[in-house]
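These notes are about the structure you will find just below.
The values are calculated or read from the model by the stated rules, or taken from the named source; none is laboratory data. What you see is a predicted model; the values in this text were computed from it and never measured. We place every Cβ from the backbone using ideal geometry, glycine too, and count neighbours over all the protein chains shown. Surface areas here come from the heavy atoms of the whole protein model, side chains and all, with no ligands, DNA or RNA. Shrake-Rupley method; radii C 1.70, N 1.55, O 1.52, S 1.80 Å.
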Amino acid sequence: MGPADPQHLEWMGLALEEARRALTTEDVPIGAVVIGPDGTVLGSGRNEREAHGDPTAHAEVVAIREAAARLRERSVLDGGLGDGWRLEDCTLVVTLEPCAMCAGAIVLARIHRVVFGAWDEKAGAAGSVFDILRERRLNHWVEVYAGVQEEECGALLREFFSAHRSGESGRPQPADGSGDPSPVA
C-alpha cells in the first residue's frame, strides 16, 4: 500500500473526532463522515446504540441518514425533485471497517467510495470477513481504501474495550459493590 492520500487523512481526522464524541455516551468509539462530490461534509455520525437504545445506530448509518437528509434539503431549495438517498459520487470515511449491516446500507445508498481505518477481523464486511462492498453479484460496487490512520483508529478501540473489561467505564461505579452507583448513606 502506497502513501495515504492527504485528503483521506484529513477526513479520517474528522471521523476520529466523531468517534471520540461517542465516549460521552459510552458507545463504542466509532465515527464516520460522508463527504460530498465537492469535498464538503454532508453528514457525520458516531455510534449511538447505547445513547438511543437503537441497534441500527452505527456511525455509518447515522452519517448516511444525515447526508441523505441534507441532499434532499438542497434539492428542494434548488427546486429539484431529488430523492436525497442516492449518495452517488460521495465518500464515506469511517474509523472501523463497516459491518454487514453498514456495508449493505453503503451499497444501497450508492456511495462511490469507502475509506476506513482499522480492520474488523470479527465482523468486517469490506474485506476481512465478508466483502459486501465489492460483491460482483450486487448492483453497485464500492471503491475501498483500507488502513487509513489504522493505528490511531485501532488504539482508540483497544483503549475503550480495555477500560470496559477492567470496569473503568464512564458510568459511576457502585460505592458498595451492590450495583447501585449512589454512595451508601
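Tabulated data for the structure shown
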| item | result |
| --- | --- |
| Among (1) within 19 Å of LEU14 (Cα to Cα); (2) not in a loop (DSSP other than H, G, I, E, B) - the single one ARG74 does not satisfy | (1) |
| Subset of the range 78-126 (residues that are in contact with a Lys or Arg (Cβ under 6 Å, 6 or more places away or on another chain) and in a strand (DSSP E or B)) | THR91 |
| Candidate set from the range 127-152 (those that are in contact with a helix residue (DSSP H, G or I) (Cβ under 7 Å, 6 or more places away or on another chain) and part of a helix (DSSP H, G or I)); member that is most open to solvent (accessible area, probe 1.4 Å) | GLU152 |
| Conditions (1) at pLDDT 90 or above; (2) among the small types (Gly, Ala, Ser); (3) touching an Asp or Glu at 6+ places or on another chain (Cβ under 8 Å); number of the one not met by GLY170 | (1) |
| Selection status of HIS164, surrounded by 11 or more Cβ atoms within 10 Å (Cβ to Cβ), assigned to a loop (DSSP other than H, G, I, E, B) and either in contact with a strand residue (DSSP E or B) (Cβ under 8 Å, 6 or more places away or on another chain) or at pLDDT below 95 (or both) | no |
| Qualifying positions in the range 135-160 - touching a residue at least 24 places away in the same chain (Cβ under 8 Å) and either more than 24 Å from ALA109 (Cβ to Cβ) or touching an Asp or Glu at 6+ places or on another chain (Cβ under 6 Å) (or both) | GLU150, GLU152, GLY154, LEU156, LEU157, PHE160 |
| Qualifying residue in the range 30-42 (condition: modelled with pLDDT of 95 or more, touching a Pro at 6+ places or on another chain (Cβ under 8 Å) and β-branched (Val, Ile, Thr)) | no |
| Residue match in the range 90-98 (condition: surrounded by fewer than 22 Cβ atoms within 10 Å (Cβ to Cβ) and out of contact with any Pro (no Cβ under 7 Å at 6 or more places or on another chain)) | no |
| Residue in the range 29-48 that is among the small types (Gly, Ala, Ser), open to solvent by 20 Å² or more (accessible area, probe 1.4 Å), in a helix (DSSP H, G or I) and touching a strand residue (DSSP E or B) at 6+ places or on another chain (Cβ under 9 Å) present | no |
| Test: residue in the range 78-85 that is open to solvent by 10 Å² or more (accessible area, probe 1.4 Å), closer than 24 Å to GLU26 by Cβ and among the acidic types (Asp, Glu) | no |
| For PRO55: the one exception among (1) at pLDDT below 95; (2) open to solvent by 50 Å² or more (accessible area, probe 1.4 Å) | (1) |
